[in-house]
Amino acid sequence: MKDLFSVAGKVALVTGGSRGIGLMIARGLVENGVKTYISSRSIEACDEAVAELALYGDCITIPADLSQTDEIERLAGEITAREDKLHILVNNAGAAWGARIGEVPEIGWDKVMDLNAKSLFFLTQALLPPLEAAGTSDDPARLINIGSVDGLAIPKLETYSYPASKAAVHHLTRVLAHQLGRRNITVNAIAPGPFESKMMDYTLTNFRDDIESTLPRGRLGTPEDIAGTVIYLSSRAGAYTTGVVLPVDGGSLVASELWRT
């Protein structure tokens, strides 16, 4: 039991790992002994993140723009060239687009849906070999998709493609869990509520007090909240959990009706 939540010695890839929730997850893994690759489209942001995380453990950056198919293939190729086994894949890279219903452009819709759902699937597809190589019956490989509470409830702000894309992530998680379970890969999604991140800047700048006042926990999420959930799902403690969409939201879903009023 003393090693129930240990992830030491594993290898992970965290997409969108240079900032926000992705960086929180990456740091939690690195600090707990996971060799962690991070990727995002910004080389500078990746370098800054690695400079920070290397103080705590083994962290490597492979910048890639996952909105591009050839970049997905390149990232997967670099991972498989360096690692025979990939124990943890955290699909966190994502985008959002807010606009009034009559002002949503096709390019904005496609950007969000493609990165949040399409790219997630094709990166997973490309990394199946090292995931399968890592998984065993007792200790499967872990695929963790980062969804959102906006994919479970109706958001207050006018964002259309974002909640649709995250609902797609949640259901794709269930489909993949069904298909990959017998291949010793568990598949789960985390649906974060309000955390400090670049994507949440506008919302928190304008509605932070309202959000915090209606959250049952009374505060935003912390790095420990999200990293701890990933560590649970990645450890022996989470080996029998698959096909789950787990809200990590301070109770925002149970308060969502109140928040909208």
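The values are calculated or read from the model by the stated rules, or taken from the named source; none is laboratory data. These numbers were taken from a predicted model, which means no experiment stands behind them. Cβ sites come from the backbone with ideal geometry, for glycine too, and all protein chains shown count toward neighbours.
Restricting attention to segment 181-206, which residues are β-branched (Val, Ile, Thr) and modelled with pLDDT under 95?
Correct list: THR203, THR205.
I'd like to check something: does segment 144-155 contain any residue that is free of Cβ contacts under 8 Å to residues at least 40 places away in the same chain and of a type in the set (Asp, Glu)?
Yes, some residue in segment 144-155 is free of Cβ contacts under 8 Å to residues at least 40 places away in the same chain and of a type in the set (Asp, Glu).
Among the residues of segment 129-167, which ones are out of contact with any strand residue (DSSP E or B) (no Cβ under 9 Å at 6 or more places or on another chain), polar (S, T, N, Q) and crowded, with 22+ Cβ neighbours inside 10 Å?
Selection gives SER161, SER165.
Tell me yes or no: at least one residue of segment 207-221 is hydrophobic (A, V, I, L, M, F, W, C), buried (at least 16 other Cβ atoms within 10 Å of the Cβ), in contact with a Leu (Cβ under 8 Å, 6 or more places away or on another chain) and modelled with pLDDT of 85 or more.
Looking through segment 207-221, at least one residue is hydrophobic (A, V, I, L, M, F, W, C), buried (at least 16 other Cβ atoms within 10 Å of the Cβ), in contact with a Leu (Cβ under 8 Å, 6 or more places away or on another chain) and modelled with pLDDT of 85 or more.
Take the residues in segment 90-117 that are touching a residue at least 24 places away in the same chain (Cβ under 8 Å), farther than 18 Å from LEU23 by Cβ and hydrophobic (A, V, I, L, M, F, W, C); name whichever of them is surrounded by the most Cβ atoms within 10 Å (Cβ to Cβ).
It comes out as VAL112.
So which residues in segment 38-55 are part of a loop (DSSP other than H, G, I, E, B), surrounded by 16 or more Cβ atoms within 10 Å (Cβ to Cβ) and either modelled with pLDDT of 95 or more or among the polar types (S, T, N, Q) (or both)?
Selection gives SER40 alone.
Looking only at segment 58-89, filter to residues that are part of a loop (DSSP other than H, G, I, E, B) and either touching a residue at least 60 places away in the same chain (Cβ under 8 Å) or basic (Lys, Arg) (or both); which one of those is surrounded by the most Cβ atoms within 10 Å (Cβ to Cβ)?
Looking at residues that are part of a loop (DSSP other than H, G, I, E, B) and either touching a residue at least 60 places away in the same chain (Cβ under 8 Å) or basic (Lys, Arg) (or both), I get LEU86.
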